[in-house]
Structures are given as C-alpha cells and as structure tokens.
Amino acid sequence: MTNPVCVALDTPDVAKARALARAVKPHVGMMKIGMEFFYANGAAGYETVAAEGVPIFLDLKLHDIPNTVAQGLTSLLKLAPAPAITNVHCSGGFDMMKAAKDAVGNRVKLIGVTILTSLSNENIWAAGFDARQTDEHALNLAKLAHSAGLDGVVCSPHDLAAIRQHLPRGFLTVVPGIRPADAAVQDQKRVATPKSALEAGADVLVIGRPITGAADPAKAAAGIFASLK
Ligand code: C5P
C-alpha cells in the first residue's frame, strides 16, 4: 500500500524539523509544515525541509477575503518544490474557496478546513455557530468546498462516514485527530486510531505528537504504518 501517514512537523526549529524529516521519511508518505514553522522560517526554512524529498502538506489554513487568499496562494506557489497539498478555511465561504482554486489550478491539491478537531459542540456553540452539531457543520462545509471546486477537506475521523456517503470518492479526506490505541489524546477531542480512520475512508492521516513526541520517532512512525496493514 502507499503510505497514508503524514507526519506533522509541529516545531518552529529548522534543524529539529529536518532531523525529524530525515528520521521518519522511510516510514511516512508526506510531511506537514504548519504556521509555527513557516512564520518563523519562511520560504528558506520550508525549502530546507522539502529538500528531504518527501511531499509537503503546507498547512497554513488561509482565511481572508477572496482576493487576498488568491494572492497569498499565488505567492506560496513560488516555493520550490511546491507543496503537494495546501489549505484554506471553508468558513471563508464559497467565493473565497473558488477564487483560491482558480488561483492555484491543478498545481497543488487545495483542501478546505471544515471544523477543527479540537472543537466540541459546546465550543462551536460558544463561538456563535448555530445549534447544529460539529458533524453537521463539517458535512455542510465539505459540500460547500466540493461545490467551489476544492480537491478535498481536512476533517475529523468522526466526520468521515458522512463525507464519504455524500461526496464522490475522489474527494480527498485529510484527517488529523489520529491516536494509536495506546497514545494520549492530549487536546484533541474527536479522535480515532490510524486503522479505523483508514477503514472509514481517510486518504491521508495527519499524525503529530504520537510520532514527534516519541522517544524514537522513526520507530513510532514505522509502528503506525505497520498497524495499517
Ligand atoms: O499532535 P497531533 O497529532 O494532535 O497533531 C495534529 C496536527 O493536525 C496539528 O498540526 C494540528 O494543527 C493539525 N490539525 C488538527 N485539526 C485540524 C486541522 C489540523 O489537529 N482540523
């Protein structure tokens, strides 16, 4: 099988990110670089890690008016090598997502963030969303992302079944909130094991601390990949 594990290199430190990338790259299919790294190190830091040769998911979760997001993505596509996947927040709306997709075309897979996996129903209600549950919001946002032409979504493992039921199979699902059975849940609230997320239809499993926080990250990544077979 191709390796669906995407390790989240959640550190602002270039040397640490590169060392982690080198250690785990035989056991992962992708690496995720997030805002804490990119804001600190910019294009040069990104290119140092990307030079390790593993496809990059650049997780910057853009959320602004359509023109600004489109221009932001155009700037990001100057990175070499370009990321394999990058993303915007679906709650930026249809017009923003469409402008974003028009700006990148097929040069990168553009996915939408639905509802963060750290948010519970109470959290989204407190933030002023209406009284629907997180899963209804996530499905609604996934449908909106699909109609705007996005290639897929970031979603919780718990949202996978509904997304698989209502959207075409080719619509990419990138899934954080993954915890091996023996790992601590930490701040994630809607979690699943790697195998159960894969069986529920996840295409990419985003896994951070269970790998990066392990005494031996390479062994942890290899163990997770082995658990999928
Ligand atoms: O350490 P852990 O496995 O919880 O890391 C999950 C990664 O996925 C983090 O980089 C986090 O920012 C990201 N993420 C998430 N929930 C989302 C989108 C991204 O946890 N909805």
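Out of all the residues in region 70-128, which are under 27 Å from Thr48 (Cβ atoms) and open to solvent by 40 Å² or more (accessible area, probe 1.4 Å)? Scanning region 70-128 gives Gln71, Thr74, Ser75, Lys78, Ala80, Pro81, Ala82, Asn106, Arg107, Lys109.
Summed over region 1-30, the residues that are within 22 Å of Asn87 (Cβ to Cβ) and in contact with a Phe, Trp or Tyr (Cβ under 7 Å, 6 or more places away or on another chain) give a count of 8.
Looking at region 24-40 only, could you name the residues that are open to solvent by less than 40 Å² (accessible area, probe 1.4 Å) and either of a type in the set (A, V, I, L, M, F, W, C) or assigned to a helix (DSSP H, G or I) (or both)?
Residues satisfying the conditions are Val24, Val28, Met30, Met31, Ile33, Phe37, Phe38.
Only one entry in Leu198, Leu167, Leu172 is more than 18 Å from Met30 (Cα to Cα), in contact (Cβ under 8 Å) with a residue 24 or more places away in the chain and not small (Gly, Ala, Ser), namely Leu167.
Take the conditions modelled with pLDDT of 95 or more, hydroxyl-bearing (Ser, Thr, Tyr) and out of contact with any strand residue (DSSP E or B) (no Cβ under 9 Å at 6 or more places or on another chain) and apply them to Thr74. Does it pass?
yes
The C-beta contact set for region 105-123 (first residue free of Cβ contacts under 8 Å to residues at least 60 places away in the same chain, second residue among the acidic types (Asp, Glu) and within 15 Å of the ligand (Cβ to nearest atom), distance under 7 angstrom, 6+ apart or interchain) comprises Thr114/Asp159.
Filtering Pro4, Pro12 for residues that are out of contact with any strand residue (DSSP E or B) (no Cβ under 9 Å at 6 or more places or on another chain), open to solvent by 10 Å² or more (accessible area, probe 1.4 Å) and not small (Gly, Ala, Ser) leaves a single hit, Pro12.
Looking only at region 33-61, count every residue that is within 16 Å of the ligand (Cβ to nearest atom), acidic (Asp, Glu) and closer than 24 Å to Asp203 by Cα and tell me the total. Result for region 33-61: 1. The set of residues from region 144-202 being of a type in the set (Asp, Glu), under 15 Å from the mean Cα position of the chain (by Cα) and modelled with pLDDT of 95 or more comprises just one member, Asp151. Against the list (1) touching a residue at least 12 places away in the same chain (Cβ under 8 Å); (2) within 26 Å of Thr11 (Cα to Cα), the condition Ala142 fails is (2).
Select from region 60-69 the residues that are open to solvent by 20 Å² or more (accessible area, probe 1.4 Å) and either in contact (Cβ under 8 Å) with a residue 40 or more places away in the chain or under 20 Å from Lys32 (Cβ atoms) (or both) and list them in ascending order.
From region 60-69, those open to solvent by 20 Å² or more (accessible area, probe 1.4 Å) are 61-68; that's our starting set.
Residues satisfying the conditions are Lys61, Leu62, His63.
Considering each residue of region 153-163 in turn, at least one proves to be farther than 18 Å from Ser118 by Cβ, in contact with a Phe, Trp or Tyr (Cβ under 9 Å, 6 or more places away or on another chain) and crowded, with 22+ Cβ neighbours inside 10 Å.
The values are calculated or read from the model by the stated rules, or taken from the named source; none is laboratory data. Owing to the predicted nature of the structure, the values given are computational and were not obtained by experimental measurement. In this analysis, Cβ positions are derived from the backbone assuming ideal geometry, glycine residues included, and neighbour counts consider all displayed protein chains. These accessible areas exclude ligands, DNA and RNA; they are computed on the full protein's heavy atoms, side chains included. Shrake-Rupley method; radii C 1.70, N 1.55, O 1.52, S 1.80 Å.
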